[in-house]
Amino acid sequence: MTRKIILHIGPAKTGTSSLQEALFANRALLMQNGFHYPEFGRHRQMPNLPGHHGIQGELGNNRPVPQDIIDGMATLDPDLTVVFSSENLANLPQEAIRQLIETLSPAAFQVVYYARRWDHLVPSVWQELIKHGHSQSYLEYINRQLSAPRNNHHLNYKLPLDRWANVVGKSQIDVFSYDGVNAADLGIVAHFFDQVLGIAAPYQQEPRSNTRNTPIFTETLRMLNRLTYGGKPSSPKVRTELMRNLPLVEGELAEIEQMLKPYVARAPLCAPFVFFQIEREFLAQYAPRVRNLDEDGRLFGNILFQPTDYVQCPYLFETQALALYRRILERLELKKAPASSDVQRVAQVSPQQHQAD
């Protein structure tokens, strides 16, 4: 067997959607250069997404490698290099990784991982969670994330990479600084085509990447999630209905925009030395596998952490925003979760939050 497999494992919020869209849209170009980006391997509940999220969707739930992948691989020319991409693969347990490799049994294997600086990654992941139905405030989220940073797979790149290295070996892993790629004005799509595949990037506009919402819009969506789901993470239904029916609620959104402006504040991530120590520990093991270290041999250089904009919770007691949120839910025909008091349920303003504000 001469089969080689390239497995791009993300992680999330490193341009993965853009890259997957580009790979899928340019399958013919890839095939001309000896690469195959398969249609099989998608998540059965998200069949239109170009990423291969079905791998983690099955293996991550203690099920075998999806049969469509096994059948699809059997029909391919063994000289083709198969490229899989899913940010969810960074979360695979080690035994699931072992099962995947043993089932695919490639002659050669390459794992590709992009590391993103923490002060950009953490708020981006939080906003993505809000889009998908979560309702933690930003301060609550970062407090939980930073309680044990070495044990957090978002913050400590060693955690996901060690699981892969224990199965395929460190020599099969290539790490890139996502921020180094952006600093070189390459973009994730051009970089992956050039540095990983070794072919010219497609002559087309790169797919639109996910954009960051304003802190006020994120707070509005967070509160609509909280009122709809009662604080339990559910689904992106609220965001889907909101985006689909923006003209119906543009008046309420404009009122909320003006009402919340005085409450926008900035929160730092934490003391930078914590992350610099994590970086040192990571580089002690993986520096030879990082392909674009800066001139000082670091992932991101001596960065100054940027604080993140968010909305302070006291506005819930001091404005009429809750009435506007309820009106939006009514216009969107979304049922509100039962509760004795909206304010008691959604405010959750702790002394620590006041101090941080």
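Computed values, structure above
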quantity	calculated
Residue in the range 157-200 that is nearest to ILE101 (Cα to Cα), counting only those that are outside any helix (DSSP H, G or I) and acidic (Asp, Glu)	ASP174
Residues that are touching a strand residue (DSSP E or B) at 6+ places or on another chain (Cβ under 9 Å), buried (at least 21 other Cβ atoms within 10 Å of the Cβ) and at positive phi, drawn from the range 11-38	GLY15
Residue in the range 145-154 that is on the phi < 0 side of the Ramachandran plot and either modelled with pLDDT of 95 or more or among the hydrophobic types (A, V, I, L, M, F, W, C) (or both) present	yes
Residue match in the range 144-156 (condition: assigned to a helix (DSSP H, G or I), touching a strand residue (DSSP E or B) at 6+ places or on another chain (Cβ under 9 Å) and buried (at least 16 other Cβ atoms within 10 Å of the Cβ))	no
In the range 46-82, residue nearest to THR16 (Cα to Cα) [restricted to those that are among the small types (Gly, Ala, Ser) and touching a Pro at 6+ places or on another chain (Cβ under 9 Å)]	GLY54
Selection within the range 57-72 - free of Cβ contacts under 8 Å to residues at least 40 places away in the same chain and assigned to a helix (DSSP H, G or I)	GLY57, GLU58, GLN67, ASP68, ILE69, ILE70, ASP71, GLY72
Flag if GLY41 is surrounded by 15 or more Cβ atoms within 10 Å (Cβ to Cβ), in a loop (DSSP other than H, G, I, E, B) and on the phi > 0 side of the Ramachandran plot	yes
Filtered residue count, the range 257-308, keeping only those that are in a loop (DSSP other than H, G, I, E, B) and of a type in the set (Asp, Glu)	3
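Quick grid of which residues meet (1) surrounded by fewer than 19 Cβ atoms within 10 Å (Cβ to Cβ); (2) basic (Lys, Arg):
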{"site": "GLY231", "(1), (2)": "yes, no"}
{"site": "ARG244", "(1), (2)": "yes, yes"}
{"site": "GLU250", "(1), (2)": "yes, no"}
{"site": "GLN285", "(1), (2)": "yes, no"}
{"site": "ARG289", "(1), (2)": "yes, yes"}
{"site": "ASP296", "(1), (2)": "yes, no"}
{"site": "CYS313", "(1), (2)": "no, no"}
{"site": "LEU316", "(1), (2)": "no, no"}
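The values are calculated or read from the model by the stated rules, or taken from the named source; none is laboratory data. Worth saying up front: this structure is predicted, and the values here are computed from it rather than measured. Here the Cβ is made from the backbone with ideal geometry for all residues, glycine too, and neighbour counts use every protein chain on show.
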